[in-house]
Amino acid sequence: MNDLDPQCAPDGSWRTAALALVKALKGRGLDVQVYEHGAVRVSNPAGEPDPEDPRGGLMHPGMRQEVLCRHHEGALWWLWVWTGPTRQSPPELEPLCPAAETDRAAERIARVLAVPFSGSSGDS
């Protein structure tokens, strides 16, 4: 993609939405990276494999999610990025919420990346 891509906000307005989302996600303990053209990649450090277990890193790449900021229904929206059905398929995009709803987006992303903690195995 380039800055002339009609799906991107050519005025850079996605940057404001991305920075707000980064702040909200970091406040929830998540790691965030912003990439060109509205891509935000989020990971949960609690879901990362043990760095001293090389096999664990190969078998379990961690908990990550990507969202894109794009025009949808006449406004900027956050869109989930899901893997396509095959390796050759393009990613599938699903509307998450309007980009102006930062807390709503952050809460939903945090829920997808949550690491549930269970009680000890002997509890009933």
### Query
Between a first residue in the stretch 19-35 that is among the hydrophobic types (A, V, I, L, M, F, W, C) and a second residue that is surrounded by 18 or more Cβ atoms within 10 Å (Cβ to Cβ) and in a loop (DSSP other than H, G, I, E, B), which pairs have beta carbons less than 9 Å apart while being 6 or more apart in sequence or on different chains?
ALA20/ALA99; LEU21/ALA99; LEU30/LEU113
#### Entry: Filtered residues of the stretch 82-105 (kept if buried (at least 18 other Cβ atoms within 10 Å of the Cβ) and in contact (Cβ under 8 Å) with a residue 40 or more places away in the chain)
ALA99, THR102, ALA105
### Query
So which residues in the stretch 75-84 are at pLDDT 90 or above and either closer than 13 Å to ALA39 by Cβ or assigned to a loop (DSSP other than H, G, I, E, B) (or both), if there are any at all?
TRP78, LEU79, TRP80, VAL81
### Message
Name the single residue that is nearest to ARG111 (Cα to Cα) among those in the stretch 21-44 being touching a helix residue (DSSP H, G or I) at 6+ places or on another chain (Cβ under 7 Å) and of a type in the set (Val, Ile, Thr).
### Response
VAL42
### Query
Given the residues LEU58, LEU19, which is the only one that is part of a helix (DSSP H, G or I), modelled with pLDDT under 95 and exposed (fewer than 10 other Cβ atoms within 10 Å of the Cβ)?
LEU58
### Query
Within the stretch 31-47, can you find the residues that are exposed (fewer than 13 other Cβ atoms within 10 Å of the Cβ) and farther than 11 Å from GLU66 by Cβ?
GLU36, PRO45
### Query
Residues of the stretch 61-78 being surrounded by 13 or more Cβ atoms within 10 Å (Cβ to Cβ) and within 15 Å of ARG15 (Cα to Cα), which ones?
VAL67, LEU68, CYS69, ARG70, HIS71, LEU76, TRP77, TRP78
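The values are calculated or read from the model by the stated rules, or taken from the named source; none is laboratory data. The model shown is predicted, which means the values in this text are computed figures rather than measured ones. No Cβ is skipped: glycine too gets one built from the backbone with ideal geometry, and neighbour counts run over all protein chains shown.
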